[in-house]
1. Below 8 Å between Cα atoms, with a sequence gap of 6+, how large is the relative contact order for segment 4-177 in percent?
2. Could you check the simple spin-label distance between residue 156 and residue 111, using points 7 Å along Cα→Cβ, in nm with one decimal?
3. On a 31 Å Cα-Cα criterion, which of the cross-link pairs 92/164; 17/111; 111/144; 55/178 come out too long?
4. Residue-wise, which Karplus ³J(HN,Hα) couplings in Hz belong to segment 44-55, taking 6.51 cos²θ - 1.76 cosθ + 1.60, θ = phi - 60°, and x for glycine or proline?
5. Please list the non-local residues whose amide H lies under 5 Å from the amide H of residue 51, H modeled 1.01 Å from N, same-chain partners needing a gap of 5 or more.
6. Please check which bits of segment 12-30 a label hung off residue 73 would reach, taking the label as a point 7 Å along Cα-to-C-beta and the cut-off as backbone N under 12 Å.
7. May I ask you to evaluate 6.51 cos²θ - 1.76 cosθ + 1.60, the Karplus curve with θ = phi - 60°, for each residue of segment 73-84 and list the ³J(HN,Hα) values in order in whole Hz, giving x for glycine and proline?
8. Restricting to bridges with both residues inside the chain, how much of the DSSP beta-bridge set is antiparallel, in percent to the nearest 5?
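Please treat every number below as a calculation from the coordinates, not as lab data. Here the structure is a predicted model, which means the values were calculated and not measured. Please note: Cβ atoms are built from the backbone with ideal geometry, for glycine as well, and neighbour counts cover all protein chains shown.
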Amino acid sequence: MSGKAVIVIDVLNDFVKGTQKCARASRIVEPLERLVQGARHAKIPVIYCNDAHIKGIDRELEIWGDHALVGTEGAEVIDELKPQAGDYVIPKRRYSGFFQTGLRLLLDELKVDTLIITGLLVNICVRHTIADAYYWGYEIYVPKDGTEDSTEQEYKSGLDYLAKIYGARLTTVDDLLKTF
């Protein structure tokens, strides 16, 4: 892998302990802490793609209700994974981290061709971000212990879908760290 970046999707207060809590989210916190620390140490960009919704405007809120509203504690990354100096934060108002955001431009300027995509939820924001990454031609790695979903079935079927449809390479945080 060359030109790598780690993308952390929606590991926000609202999804880990708030209004849209995923009870299984706590499973990925420790592995993601190790992954982002390892990436930072290896000078690999860490990019946070976070829901940042505008109340009363964003279409997604019609489906899911208010969550991750701009300027609220719920829209902040959990304390254990807070962005550090040198990390990048890309706010998003739709499921994909690419849709009408600056993510593609940032990746181009960083000369990234390989994405390590992590976060919540496998079947929604992770899936749609990976779909766009695939369409743009990125090599995609997904650490199984760095992603999660609401149920075991959604998690497993989601990972299977990402591998079969988008060629995502399923791996683990420990195996990725060995490549840094």
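1. That works out to 27 percent.
2. With each label point 7 Å from Cα toward Cβ, the separation is 4.3 nm.
3. Pairs exceeding the cut-off: 17/111; 55/178.
4. Karplus values, whole Hz, x for Gly and Pro: 8, x, 10, 10, 9, 10, 10, 3, 8, 8, 9, 4.
5. Excluding prolines and chain starts, which carry no amide H, the hits are 10, 92.
6. Answer for segment 12-30: 13-14, 17-19.
7. Karplus-based 3J(HN,Hα) across segment 73-84 equals 4, x, 8, 8, 5, 4, 3, 5, 10, 3, x, 10 Hz.
8. 5
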